[in-house]
1. Are any of the residues in the range 54-61 of a type in the set (Val, Ile, Thr) and in a helix (DSSP H, G or I)?
2. Which residues, counting only those in the range 66-87, are over 11 Å from Ile9 (Cα atoms), open to solvent by less than 50 Å² (accessible area, probe 1.4 Å) and either among the aromatic types (Phe, Trp, Tyr) or at pLDDT 95 or above (or both)?
3. When the range 99-113 is examined, which residues are found to be open to solvent by 40 Å² or more (accessible area, probe 1.4 Å), hydrophobic (A, V, I, L, M, F, W, C) and either closer than 19 Å to Cys15 by Cβ or without any contact (Cβ under 8 Å) to a residue 12 or more places away in the chain (or both)?
4. When residues of the range 37-65 are filtered for being open to solvent by 20 Å² or more (accessible area, probe 1.4 Å), under 18 Å from Gln107 (Cβ atoms) and out of contact with any Pro (no Cβ under 9 Å at 6 or more places or on another chain), how many remain?
5. Which residues, taken from the range 1-43, are outside any helix (DSSP H, G or I) and either under 19 Å from Phe134 (Cβ atoms) or small (Gly, Ala, Ser) (or both)?
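The values are calculated or read from the model by the stated rules, or taken from the named source; none is laboratory data. A quick note: this is a predicted structure, and the numbers were derived from the prediction, not measured. Every residue, glycine among them, receives a Cβ derived from its backbone with ideal geometry; neighbour counts consider all protein chains shown. Quick note on the areas: whole protein, heavy atoms, side chains included, nothing else; ligands and nucleic acids left out. Shrake-Rupley method; radii C 1.70, N 1.55, O 1.52, S 1.80 Å.
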Amino acid sequence: MKRIGVVIILFLAFCGLADSAYLAQHEISGTPLICNIQNLNGCNIVADSPYSQIFGVPLAEFGVLFYGILFVLAALELVLFDRFLRRVLQVVSLLGVIASLYFTSIQIFFIGAFCIYCTTSALIALLVLVFASF
């Protein structure tokens, strides 16, 4: 059962990596994000807000790093199955959930717009934590 959970984490990390890479590509190229989902159509507002960067680095690049680390940790655990790797995976995913809660609250209380890509990333981080906790 744990191996299935790790494979699911690998898949989720890949999806998060793709999501973050799309947002990072937007930062580099400046092209508008595609987001036409009702009530979650504020992607460009969120991505262009001053809250979308930390120390001049776009949050999407941190997302690419975060999901890349999760992917590598899950791949290593799939091959080695080590309790320490599982703990590191749990801690990293917990940090991702905490960061996601913080950034979601910024969308709600400061920006007043929702980004489907950010919400998807938050959901992926939460699911990774759930599967890493088994």
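1. Our first condition is that a residue be of a type in the set (Val, Ile, Thr); within the range 54-61, this holds for 54, 57.
From the residues that got through so far, the ones that are in a helix (DSSP H, G or I) too are none.
Scanning the range 54-61 turns up no residue that is of a type in the set (Val, Ile, Thr) and in a helix (DSSP H, G or I).
2. Residues of the range 66-87 that are over 11 Å from Ile9 (Cα atoms), as a first pass: 66, 68-69, 76, 79-87.
Among the residues that remain, those that are also open to solvent by less than 50 Å² (accessible area, probe 1.4 Å) are: 66, 68, 85-86.
Those that are over 11 Å from Ile9 (Cα atoms), open to solvent by less than 50 Å² (accessible area, probe 1.4 Å) and either among the aromatic types (Phe, Trp, Tyr) or at pLDDT 95 or above (or both): Phe66, Gly68.
3. Phe103, Ile108, Phe109
4. First pass over the range 37-65, keeping only residues open to solvent by 20 Å² or more (accessible area, probe 1.4 Å): 37-41, 44-45, 48, 50-51, 53-57, 59, 61-62, 64-65.
From the residues that got through so far, the ones that are under 18 Å from Gln107 (Cβ atoms) too are 37-41, 44-45, 48, 50-51, 53-54, 59, 62.
If we keep only those that are out of contact with any Pro (no Cβ under 9 Å at 6 or more places or on another chain) as well, we get 37-41, 45, 48, 50-51, 53-54, 59, 62.
Residues that pass the stated criteria total 13.
5. Met1, Gly30, Gly42
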